Amino acid sequence: MITDTAGLIREITARTARSPRSSALLSALLGAYQSFAPLTERLIRVAATAPRYRRLTEFTLNLCDWLCRTGRFSAGGSDEPLFPGLARKGFYESEEIPWIGDVERAADVVRRELLALRGKEAFRVYQQPHGAELPVHGQWNTFNFYHSGHTFEDNCQRCPETTKLLASVPGCFPAPGIAKFSALAPGTHITAHHGFGNFKLRCHLALTDSRGCEMRVADEVRGWEDGKCLVFDDSLEHEVWNRGDLTRVVLLFDFWHPELDPHEVELLQDIIAFFHQLRYFDEWKASQTTMLPAQDEDHWWV
């Protein structure tokens, strides 16, 4: 058990010094010491009060180690650090998530704002995360509300009711990950991949006729039902197909894993925000704001 901030930094240094890829990222970590130290000291104080909170320190250390070894802070592999002690399963049933009914009752309002975006060149070609390997066969276009530390203010203003809905979902907005409209054109296949972090779950609110569309999470395959939510753990291997004749569009958003307690969520928010501020991550955030418009809308949005 590490008992001081300096000890944590020494441990990070020792773990990453062996990796030839680590020097720039390690420099960024150590260069941000002043902002990181108060957060780590908070975490250590909390960990000392109850054994359960020690998993926060363990996760933080493993996250630093993984970042410096791999050079990425995003989806793309099965070797990602896991938050200890959280249940992992592919899909969650609606009755396990208390607020699902509220989201589903808002489907018509969200759908109206989605359809108002047609013909406005609002969607962008999906931009894959820094360091990720996620081959997409076909056309995957997105309209971002929030993505990895960046709020798309213009998009939020264009869809005020959807933004209000996201803000009402416990643990959703503006953390811990992504919120966007996700459009998959007919014939598209998002190949097998892992999302980053088991500390969050992902929800899809289906907004279109999704016949012929399926998603596999681990060893289970399910489809979407218009106006209904599909909740899953995207840190498990998953892939998506649109074998139908229509574009599948969902409101996609992440929310904190329900087994985390409020204090853990508070600290995780600060930890994730810290890593989003690292210098190397700025380039990818900039790329998210300059994504290419999705061309030939009449072709892919059917």
Could you tell me the accessible area of Ile178 in Å² (1.4 Å probe, neighbours in place), rounded to the nearest ten?
30
Treat each spin label as a single point 7 Å out from the Cα along the C-beta direction, and report the Lys89 to Glu214 distance in nm.
2.2
Note down the accessible area of His299, probe 1.4 Å, to the nearest 10 Å².
140
HN-Hα J couplings of region 226-231 from phi, Karplus 6.51/-1.76/1.60, θ = phi - 60°, integer Hz, Gly and Pro as x?
3, x, 10, 9, 10, 10
How do Arg55, Arg105, Arg118 stack up against each other in accessible area, from largest to smallest, with a 1.4 angstrom probe?
Arg105, Arg118, Arg55
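Using a 1.4 angstrom probe with every protein chain in place, what is the largest-first accessible-area order of Thr188, Thr151?
Thr151, Thr188
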Which length gain, in nm to one decimal place, applies between Glu266 and Glu96 when the Cα-Cα distance is subtracted from 0.36 nm times their residue separation?
59.0 nm
Whole-Hz Karplus ³J(HN,Hα) for region 92-100, in order, using 6.51 cos²θ - 1.76 cosθ + 1.60 and θ = phi - 60°, x for Gly and Pro?
10, 7, 4, 5, 7, 10, x, 9, 4
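The values are calculated or read from the model by the stated rules, or taken from the named source; none is laboratory data. Here the structure is a predicted model, which means the values were calculated and not measured. Reconstructed Cβ throughout: ideal geometry from the backbone, glycine too, with neighbour counts over all protein chains shown. Heavy atoms of the whole protein, side chains included, go into the accessibility calculation; ligands, DNA and RNA do not. Shrake-Rupley method; radii C 1.70, N 1.55, O 1.52, S 1.80 Å.
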